[in-house]
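Worksheet: the structure to be examined is printed underneath.
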Amino acid sequence: MPEETIFGKILSGEIPSQEVYSDAEFYAFRDVNPAAPTHILIVPRKPIPRVTDLTEADAALAGRMLLAANKIARQEGLTEKGFRYVINCGEWGGQTVFHLHLHILGGRAMAWPPG
């Protein structure tokens, strides 16, 4: 069993969050320390530590995660001007919570490279 993370506690309701989207597979909420005017995290209910831990059996889940993120981006009015999806992987990739999650960032122009 994977170690419980803050996202597991958010999913269980132990830690409150500002819900943006919820279905049987995913939960999305506003980041408490936003890096952009719109900063939403989408988390699969299935605890997968890193994006590199996805398996062939998770292929449909990964695709549905992107579709859910697209739905949220449209809902938030981000699609006309654009936005960014980010998935951090591992310590050097900036991952601080080891439960797969996708950041939806928008509401302003995004610099490249990020940072």
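Please treat every number below as a calculation from the coordinates, not as lab data. Because the structure is a prediction, the values reported are computed rather than measured. Neighbour counts are summed over all protein chains in view; Cβ atoms, including those assigned to glycine, are modelled from backbone coordinates with ideal geometry.
Simple rule: put +1 on each Lys or Arg Cβ and -1 on each Asp or Glu Cβ in the chain, find the dipole, and look at THR55, PRO113, GLY77; the Cα lying farthest toward the positive end is GLY77.
The charge dipole of the chain, taken about its Cα centre with unit charges on the Cβ atoms of Lys, Arg (+1), Asp and Glu (-1) only, comes to about 420 debye. Convex hull volume of the C-alpha atoms in the range 1-58, normalised per residue: 110 Å³.
Would the chain count as rounded, prolate or oblate if I go by the C-alpha gyration tensor, calling it rounded below 1.5 in a/c and otherwise prolate when a/b exceeds b/c, oblate otherwise? Taking the square roots of the gyration eigenvalues as a ≥ b ≥ c, the chain is rounded. For the range 9-73, the relative contact order works out to 24 percent when only alpha carbon pairs closer than 8 Å and six or more residues apart are counted. Please say if the range 59-106 is rounded, prolate or oblate, where rounded means a/c under 1.5 for a ≥ b ≥ c the square roots of the C-alpha gyration tensor eigenvalues, and otherwise the choice is prolate for a/b larger than b/c and oblate otherwise? Since a/c reaches 1.5 but b/c is at least a/b, the shape of the range 59-106 is classed as oblate. Between helix 59-75 and the chain, what is the angle of the helix's C-alpha long axis to the longest principal axis, kept within 0 to 90° and rounded to the nearest 10? Roughly 40 degrees, rounded to the nearest 10.
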